Structure formats: C-alpha cells, structure tokens
Amino acid sequence: ANEEAEALYQKVLRLFDLQAKAGGQPDLERRAKTYLKIAQVRSNALDFEGAQAYYELAFDLLEEVERTSPPEVAEADGRERVMRLGVLEHGPTTLDPGLSEVEDVSEIINDLFEGLVELDVELNVIPALARRWQIDQAGKRYRFELRPNLKWSDGTPLTAHDFAFAWRRNVDPKTKAGLAYQLYIIQGAEEFNQGRTIDANTIAIRVLDDLNLEITLKTPIGYFPYLLTSSITYPQPAHVVQAKGNSWSQPENLVCNGPFKIASWKQGDEICLEKNPFYRGFAMGNLEKVTLYFIPPDLDYYRNDEIDWCRVDDQADLPLRYPEETFIIQYLGTFFLAFSCNYPPFDNKFVRQAFASSIDQKDLVKEVWSNAQKPAIGGIGPDLFHQV
C-alpha cells in the first residue's frame, strides 16, 4: 500500500511539473501538501531518512507561501463579526488540554489552544507552533523548532519549556490524565506514569533552548506526528499552572495560546470567546467573537435563528433540505462492535464470525449515519495514514 500511495503522489508531482512547463501558475501550497503526503508514506514504511527529505521540501515551500501570502485581515466595515454555535448540552467538563478526553470538548479546547502541529482538511499533519521538525535516520529522535515570538494570551512568551512542562505534568500520576498513555511512546513516560520511577527527568524530553524541543521515542513509529494533534500534547502555561494549581484552567484564570480566549462564562448556559490578540496563526479568520451555547442537538434553534451553527444527531435528509448550509466535519476514528468472549454464545469463535459476517457495513452506515461515515475496511480508516 505504501508503494501504491507514493506512486500516486509522485504522479501528482509530475502533473504539477507539466503545468509549470505549460506556463501555468504554480500552486506552491498544493505541492507542499503533496510532499507532506509522501513524507508520511515514507514514515509509514519506516524510511525516516526519505521522509525527512520530503519534509524539508514541504517546509521550505510552506514558508515561502507564508512569506508571499500574508494572512488576510478583514476590512473594518463597522460590523461586529460574531458567530453563535450550539455545542455541548451541559458544557465542557474541563478546559485543561491535558485532561480533555471527549471529542466534543476537544472542539472547544482547539479554539483556545494550539499544538506543535495540526491537521488540515485533507488530514495532512502540517506545522502549527512548530516551524519545522527533524527526524533522525532511526526514527526515534524528533527535534522541533518553534516559530519565533510565540506568546500566551496574557503576553508572556511561549517557549519549548512550556511543552516539556505540559508533557511531564500530563504523565505525572498525580495529574490523572486519562490520555497519558498516548505519551507512552516517549522513553521513560510510561515508567514515570506507572510509578516505576519518580524522577521526571528520566522522561526523554529535552529543551535545547527556548525554540528547540527534542523528543526520543522508545521505538520508531510512523504515526508519531499524528499523535501530536492530540490535546494531550498541547503546551500549558507553566507560569500560570504553577501559580494557580489545578484551578489554572478555570475560566477566570485560563491563559491560552489559540485563536480565541475566554471573554465570559455563564455556568451551564454559554461561553463567550473573543479573539486572542497574540495569536499569529496563518489562517487568522475574521471572527471577533464566538458565543458557544450549551443546548441539545436540536435543529429548531437553527430554524429560529437563535444560533448560526448547530450539531444534529439525526442527519437524515439534511443535505437535501439544506444543501447550501450543511457540511460534514471529518474526524479520525473507527467505530466497532466488540464481543465479550468469556460468556456463551460469544465464547465460540464461529458464532462471533457469523455475527460479524451478518452485518452489512454499507447499509449500517446508510441507515444509521445517512452515509456521513464510511464503511470500515479495517482498524485503520481509509483516510488515515494515506491508505489506498
């Protein structure tokens, strides 16, 4: 599959070359994204030296795109750009990125925080706070170079120390982070989290200087960049956490680094976000405020013009009824049914196989999810890690 995927992406690069020879306008961002796809395919095949070569090509082009295409800033026209969203019915349980475990909460976390990397609409891993990264030939050591002049929402500089602080805090058993296991691939992280060592310095996270962070893995894996899109890897403001303790993530104390910060919070009703003046992401957008209403996933709120965006559970006929207003957000994940193999009849392998064979995945997706999902072909979805 890796060879087939790379052959396809190399064909795309040749088409770009033909377009350039014909005098067409080069699409540097598309070429860069194709380099990223090939880099991931090489990483999947554990060819980290080859992956790094394509990463360098991609990073150079992405930086050129940023230099030549500065973020668009909306012209002042006297209108306040506010968006009203219907989100979690009962509000988030936490705003601590290290403690966030629920997908819906992660959406709010991602409004407030940003990590080393992020996913684009094609599920490519692209630079975010990291300007670029290097992988050694063995695929175990990653070195991330941060963008210069990063700041927290209170104006305090954000450095590599904030990443090291966050990751060590998240694997500290006292923190009780439910997703701490996602960091077990880092040397020493599992031992520290499980209490087999009490020295946090044994975790292979090194701050080389304010802009450079080095991570050493237990074993080479191709999907490590994807792990870095999880909120468990986001930085945390050490100066605030150390001063406020566990209450640092309460709305009145929260210091963040994402596109928005908290303006106000009505417990159980709504969160009001406003633009973070220190955020310098490439896609700045033009929203000034966002109001998140804690309401059930009911289309009536949208029909009555109480909100501008709503989540719905029953997706049937929505694309037909609202063709210009319906969109589907992609997430990485696989849904599956599991058998309890300790009790009859499912202690019988043939019974389990019979049940599995009786499920029509295409019909299930059509009837339950209105074709908004894709039938699974295995544990890894067709859009993940460039499956073909």
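Output the residue which, of all residues in the range 1-18 that are in a helix (DSSP H, G or I) and of a type in the set (Gly, Ala, Ser), is surrounded by the most Cβ atoms within 10 Å (Cβ to Cβ).
Going residue by residue through the range 1-18, those that are in a helix (DSSP H, G or I) are 2-18.
Narrowing the set further to residues that are of a type in the set (Gly, Ala, Ser) leaves 5, 7.
Details: ALA5: 19, ALA7: 11.
Checked the range 1-18; the qualifying residue surrounded by the most Cβ atoms within 10 Å (Cβ to Cβ) is ALA5.
Residue-wise test of (1) of a type in the set (Ser, Thr, Tyr); (2) in a helix (DSSP H, G or I); (3) over 15 Å from LEU208 (Cα atoms).
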{"site": "ARG131", "(1), (2), (3)": "no, no, yes"}
{"site": "GLY139", "(1), (2), (3)": "no, no, yes"}
{"site": "ARG143", "(1), (2), (3)": "no, no, no"}
{"site": "PRO148", "(1), (2), (3)": "no, no, no"}
{"site": "ASP154", "(1), (2), (3)": "no, no, yes"}
{"site": "ASP162", "(1), (2), (3)": "no, yes, no"}
{"site": "ARG168", "(1), (2), (3)": "no, yes, yes"}
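What residue, among those in the range 357-388 that are in contact with a Pro (Cβ under 8 Å, 6 or more places away or on another chain) and in a helix (DSSP H, G or I), is modelled with the lowest pLDDT?
It comes out as VAL365.
Let me spell it out: the conditions are (1) assigned to a strand (DSSP E or B); (2) more than 25 Å from THR219 (Cα to Cα); (3) not acidic (Asp, Glu), and ILE109 meets all of them except one. Which number is the exception?
(1)
Those residues that are among the charged types (D, E, K, R) and assigned to a helix (DSSP H, G or I), I need them from the range 331-356; list them, please. Break it down into steps so the answer makes sense when it comes.
We begin by selecting, within the range 331-356, every residue among the charged types (D, E, K, R); these are 347, 349, 352.
Result: LYS349, ARG352.
Residues VAL121, VAL41: which one is under 22 Å from the mean Cα position of the chain (by Cα), under 30 Å from SER249 (Cα atoms) and of a type in the set (A, V, I, L, M, F, W, C)? Before the answer, list the steps.
Working: VAL41 fails: under 30 Å from SER249 (Cα atoms).
Checking each option against the conditions leaves just VAL121.
Which residue pairs have Cβ atoms closer than 8 Å, lie 6 or more positions apart in sequence or on different chains, and pair a first residue in the range 6-21 that is assigned by TED's automatic domain parsing to the domain that holds ALA45 with a second residue that is among the β-branched types (Val, Ile, Thr) and outside any helix (DSSP H, G or I)?
LEU8/VAL388
So, of the residues in the range 217-265 that are of a type in the set (A, V, I, L, M) and surrounded by fewer than 15 Cβ atoms within 10 Å (Cβ to Cβ), which turns out to be farthest from ILE186 (Cα to Cα)? So that I can check it myself, show each step before the final result.
As a first pass, look at the range 217-265 and keep what is of a type in the set (A, V, I, L, M): 217, 221, 227-228, 232, 238, 240-241, 243, 254-255, 262-263.
Keeping just the survivors that are surrounded by fewer than 15 Cβ atoms within 10 Å (Cβ to Cβ) gives 243, 263.
Values: ALA243: 28, ALA263: 36 Å.
Here the answer is ALA263.
Does GLY188 satisfy the criteria of being among the small types (Gly, Ala, Ser), surrounded by fewer than 20 Cβ atoms within 10 Å (Cβ to Cβ) and not assigned by TED's automatic domain parsing to the domain that holds GLY333?
Spelling it out, it is not the case that GLY188 is among the small types (Gly, Ala, Ser), surrounded by fewer than 20 Cβ atoms within 10 Å (Cβ to Cβ) and not assigned by TED's automatic domain parsing to the domain that holds GLY333.
Out of everything in the range 196-216 that is modelled with pLDDT under 95 and either buried (at least 21 other Cβ atoms within 10 Å of the Cβ) or of a type outside the set (Ser, Thr, Tyr) (or both), what residue ends up being nearest to GLU107 (Cα to Cα)?
Here the answer is ALA200.
Of the conditions (1) part of a helix (DSSP H, G or I); (2) touching a Phe, Trp or Tyr at 6+ places or on another chain (Cβ under 9 Å), LYS33 fails just one. Which one is it?
Going through (1) part of a helix (DSSP H, G or I); (2) touching a Phe, Trp or Tyr at 6+ places or on another chain (Cβ under 9 Å) one by one, LYS33 breaks only (2).
List pairs: first in the range 338-362 and farther than 16 Å from ILE377 by Cα, second among the acidic types (Asp, Glu) and part of a loop (DSSP other than H, G, I, E, B), Cβ under 7 Å, 6+ apart or cross-chain?
Close Cβ pairs (under 7 Å, with a partner that is among the acidic types (Asp, Glu) and part of a loop (DSSP other than H, G, I, E, B)) amount to CYS341/ASP347.
Results for (1) modelled with pLDDT under 95; (2) of a type in the set (Ser, Thr, Tyr); (3) more than 13 Å from GLN137 (Cα to Cα); (4) in contact with a helix residue (DSSP H, G or I) (Cβ under 9 Å, 6 or more places away or on another chain), shown as yes or no for each residue.
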| site | (1), (2), (3), (4) |
| --- | --- |
| LYS21 | yes, no, yes, no |
| PRO26 | yes, no, yes, yes |
| THR34 | no, yes, yes, yes |
| GLY50 | no, no, no, yes |
| TYR54 | no, yes, yes, yes |
| GLU66 | yes, no, yes, no |
| SER69 | yes, yes, yes, yes |
| GLU72 | yes, no, yes, no |
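Let's see how each residue does on (1) among the hydroxyl-bearing types (Ser, Thr, Tyr); (2) within 24 Å of the chain's Cα centre (by Cα); (3) in a loop (DSSP other than H, G, I, E, B):
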site	(1), (2), (3)
GLY195	no, no, yes
ARG206	no, yes, no
ILE232	no, yes, no
GLY245	no, no, no
GLU252	no, no, yes
VAL255	no, yes, yes
GLY258	no, yes, yes
TRP265	no, no, no
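The values are calculated or read from the model by the stated rules, or taken from the named source; none is laboratory data. Since this is a predicted model, take the numbers as computed values, not measurements. Don't worry about glycine lacking a Cβ; one is built from the backbone with ideal geometry, like all the others, and counts go over all protein chains shown.
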